[in-house]
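Asks: Questions regarding the structure given below will be posed in turn.
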Amino acid sequence: MLELFNPLRGMDFTALLVRLLIAVLCGMVIGLERSAKNRPAGFRTHILVCLSGATAAVTGHYLVLGLHLPADLTRLSGQVITGLGFIGMGTIIVTKKMSIKGLTTAAGLWTTGIIGLAIGSGFYEGGILGTLLVLITETFLARFGLRIKQRPEMVIELLYRDKTSLDEVLRGCKDRRMMIRNLHIHMDSASESGYRADITLSTNKDITAFLETVRSMPGIQSVSVRWIKESPVPFFAEKKQ
């Protein structure tokens with residue numbers, strides 16, 4: 001540990017003030033990056049989350065070391081970590097295209113709260129290093145993540161008459177190593193004897209031949225493709241049916 005922070009690891013007023021100020025600063029630095037990207041949780045939210053974690057940690061230390069109460073040092077900190085999960089859920093949304101947004105912001109809020117706990121406990125090195133690593137992750141590594149080629153996702157809308165037809169289609173998807181992310185089956189409103197299945201797939205292979213095979217299967221009434229996430233690289237010869 002750095003000897004520079006040793007005088008500030010006690011429970012006097014100066015140490016308390018420094019801990020809370022460092023927590024505010026770390027929360028603000030992380031939050032400014034989120035605000036610059038117009039994310040739901042800005043710098044004020046991150047400041048409050050980091051400050052609340054630091055205050056909870058300081059309070060736990062004061063109850064045990066200052067008032068000598070038979071309490072657990074980590075009880076308040078544990079409750080803070082649990083409560084941060086509910087705050088993070090408010091930043092996660094599902095768009096109309098069935099894509100999830102806000103996970104990075106939610107994870108950043110959770111990490112910011114833990115950084116506050118570290119600073120409030122007097123672990124200044126861990127809190128400051130954690131802040132720097134969060135900034136590196138949300139800035140430099142974010143650019144690296146954009147370069148990663150992702151598999152395109154699509155929904156195959158299938159109208160069929162019997163369960164055997166659907167089983168054949170699903171077996172074909174597995175044989176071609178297509179990743180089935182979701183399957184939704186319901187009655188077709190336009191036909192009393194037909195069914196509709198929405199199969200969400202993720203693959204980087206050409207599906208043109210597969211779709212022709214599905215259309216020729218007995219019991220299959222119609223097949224269409226709806227794209228959720230298209231790849232910047234043209235994997236397929238045909239992208240829209």
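The values are calculated or read from the model by the stated rules, or taken from the named source; none is laboratory data. Source: prediction; values computed, not measured. Please note: Cβ atoms are built from the backbone with ideal geometry, for glycine as well, and neighbour counts cover all protein chains shown.
Asks: Output the residues belonging to segment 202-241 that are hydrophobic (A, V, I, L, M, F, W, C) and at pLDDT 85 or above. Outline the logic, then answer.
Replies: First pass over segment 202-241, keeping only residues hydrophobic (A, V, I, L, M, F, W, C): 207, 209-211, 214, 217, 220, 223, 225, 227-228, 233, 235-237.
The answer is A209, F210, L211, V214, M217, I220, V223, V225.
Asks: Kindly indicate the residue of segment 1-58 that is more than 14 Å from E138 (Cα to Cα) and basic (K, R) and also modelled with the highest pLDDT among those meeting that condition.
Replies: Going through the qualifying residues, I end up with R19.
Asks: Another question, if that's okay. Determine, yes or no, whether E125 is charged (D, E, K, R) and closer than 24 Å to L4 by Cβ. Step through it out loud before you land on a result.
Replies: Values: charged (D, E, K, R): yes; closer than 24 Å to L4 by Cβ: yes.
In short, yes.
Asks: Are any of the residues in segment 62-80 assigned to a helix (DSSP H, G or I), assigned by TED's automatic domain parsing to the domain that holds N38, among the β-branched types (V, I, T) and under 23 Å from the mean Cα position of the chain (by Cα)?
Replies: Just the residues of segment 62-80 that are assigned to a helix (DSSP H, G or I), to begin with: 62-66, 75-80.
Keeping just the survivors that are assigned by TED's automatic domain parsing to the domain that holds N38 gives 62-66, 75-80.
Next cut, among the β-branched types (V, I, T) only: 64, 80.
After this cut, where a residue has to be under 23 Å from the mean Cα position of the chain (by Cα) as well, the list is 80.
Yes; the residues of segment 62-80 include at least one that is assigned to a helix (DSSP H, G or I), assigned by TED's automatic domain parsing to the domain that holds N38, among the β-branched types (V, I, T) and under 23 Å from the mean Cα position of the chain (by Cα).
Asks: So is F123 closer than 22 Å to M28 by Cα, modelled with pLDDT under 85 and of a type in the set (A, V, I, L, M, F, W, C) or not?
Replies: Working: closer than 22 Å to M28 by Cα: yes; modelled with pLDDT under 85: no; of a type in the set (A, V, I, L, M, F, W, C): yes.
No.
Asks: Here is a further query. Looking only at segment 8-30, decide whether some residue is buried (at least 17 other Cβ atoms within 10 Å of the Cβ) and among the hydroxyl-bearing types (S, T, Y).
Replies: No, segment 8-30 has no match at all.
Asks: While we're here: Out of the residues in segment 118-134 meeting the condition of being out of contact with any helix residue (DSSP H, G or I) (no Cβ under 6 Å at 6 or more places or on another chain) and assigned to a helix (DSSP H, G or I), tell me which one is surrounded by the most Cβ atoms within 10 Å (Cβ to Cβ). Full working, then the answer.
Replies: Step one: list which residues in segment 118-134 are out of contact with any helix residue (DSSP H, G or I) (no Cβ under 6 Å at 6 or more places or on another chain), which gives 122-123, 125, 128-129, 132-133.
Restricting the remaining residues to those that are assigned to a helix (DSSP H, G or I) gives 125, 128-129, 132-133.
Working: E125: 14, I128: 19, L129: 13, L132: 13, L133: 13.
Per the criteria, the residue is I128.
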